[in-house]
1. Report yes if residue 108 is surrounded by fewer than 16 Cβ atoms within 10 Å (Cβ to Cβ) and under 23 Å from residue 161 (Cα atoms), otherwise no.
2. Taking strands (runs of 3 or more DSSP E) that fall entirely within segment 88-178, which contain at least 1 residues that are modelled with pLDDT under 95 and of a type in the set (S, T, N, Q)?
3. Is it the case that segment 26-37 has a residue that's in contact with a Phe, Trp or Tyr (Cβ under 9 Å, 6 or more places away or on another chain), of a type outside the set (A, V, I, L, M) and touching a residue at least 24 places away in the same chain (Cβ under 8 Å)?
4. Has segment 43-55 got at least one residue that is in contact (Cβ under 8 Å) with a residue 60 or more places away in the chain and assigned to a loop (DSSP other than H, G, I, E, B)?
5. Against the condition in contact with a Ser or Thr (Cβ under 7 Å, 6 or more places away or on another chain) and either open to solvent by less than 30 Å² (accessible area, probe 1.4 Å) or not hydroxyl-bearing (Ser, Thr, Tyr) (or both), how does residue 90 come out, does it pass?
6. Of the residues in segment 56-87, how many are part of a loop (DSSP other than H, G, I, E, B), open to solvent by 60 Å² or more (accessible area, probe 1.4 Å) and of a type in the set (D, E, K, R)?
7. Looking at segment 111-131 only, could you name the residues that are more than 14 Å from residue 150 (Cα to Cα) and open to solvent by 70 Å² or more (accessible area, probe 1.4 Å)?
8. Among the residues of segment 1-52, how many are closer than 18 Å to residue 127 by Cβ, loosely packed, with under 11 Cβ neighbours inside 10 Å and at pLDDT 95 or above?
Amino acid sequence: MATSSAGLCDGLKQYIREVPDFPKQGILFYDITTLLKQPQPFAQLVDSLAGHYAAQNIALVAGIEARGFIFGPALAYKLGAGFVPIRKPRKLPAATAAVEYSLEYGTDRVEIHRDAVQPGQRVLIVDDLIATGGTAVASAQLVEQLGGVVAGLAFVVELTFLHGRERLAGYDVMSLLRYDQ
């Protein structure tokens with residue numbers, strides 16, 4: 001199942017700063033920091049994400065480094081769930097599980113503590129943005145590697161023209177704000 005609440009939250013787009021040519025020429029960067037400093041829009045964003053998953057028995061929210069760390073704890077609080085970080089390599093102090101994934105040029109890796117997810121726990125994965133979906137797919141694989149059940153993947157922004165949602169077929173994918181180009 002794949003859903004979007006883009007229509008409900010399009011008013012939040014006015015708080016997102018568009019920065020051309022960042023981090024490199026030809027890229028239009030959607031900067032969420034301008035939304036985060038606005039209390040009411042930030043609350044609306046968290047409430048909208050939580051509302052979608054409120055009845056789904058979420059045990060843990062897993063935030064993807066780094067911006068998933070902003071939304072993840074607030075969402076976990078609203079859902080009465082715990083929070084666990086999914087990090088870049090060599091950032092976690094205890095034993096980790098890892099998944100390596102392909103980038104346009106090379107590979108990257110995400111890690112989670114081996115004891116972060118218990119078998120059968122329902123986990124919501126959250127990040128600020130879905131583009132090509134590589135990090136999100138790797139994060140879902142990490143949760144499943146530990147025996148967790150991916151209850152869904154939630155994103156603030158979705159760049160639909162990069163087709164990341166297609167890589168997450170079979171998962172409940174929710175995005176609040178969609179950009180078609």
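1. Yes; evaluated as a whole, the condition is true for this residue.
2. Those strands (runs of 3 or more DSSP E) span 96-103, 106-113.
3. So far as segment 26-37 goes, yes, one or more of its residues are in contact with a Phe, Trp or Tyr (Cβ under 9 Å, 6 or more places away or on another chain), of a type outside the set (A, V, I, L, M) and touching a residue at least 24 places away in the same chain (Cβ under 8 Å).
4. Scanning segment 43-55 turns up no residue that is in contact (Cβ under 8 Å) with a residue 60 or more places away in the chain and assigned to a loop (DSSP other than H, G, I, E, B).
5. In short, no.
6. Qualifying residue count for the region: 1.
7. Answer for segment 111-131, where residues must be more than 14 Å from residue 150 (Cα to Cα) and open to solvent by 70 Å² or more (accessible area, probe 1.4 Å): 114, 115.
8. Going through segment 1-52 one residue at a time, the tally reaches 0.
The values are calculated or read from the model by the stated rules, or taken from the named source; none is laboratory data. In this text, all values refer to a predicted model and were calculated from it rather than measured experimentally. For neighbour counting, all protein chains shown are included, and Cβ atoms are generated from backbone atoms with ideal geometry for every residue, glycine included. These area figures cover heavy atoms from the full protein model, side chains too; ligands, DNA and RNA do not enter into them. Shrake-Rupley method; radii C 1.70, N 1.55, O 1.52, S 1.80 Å.
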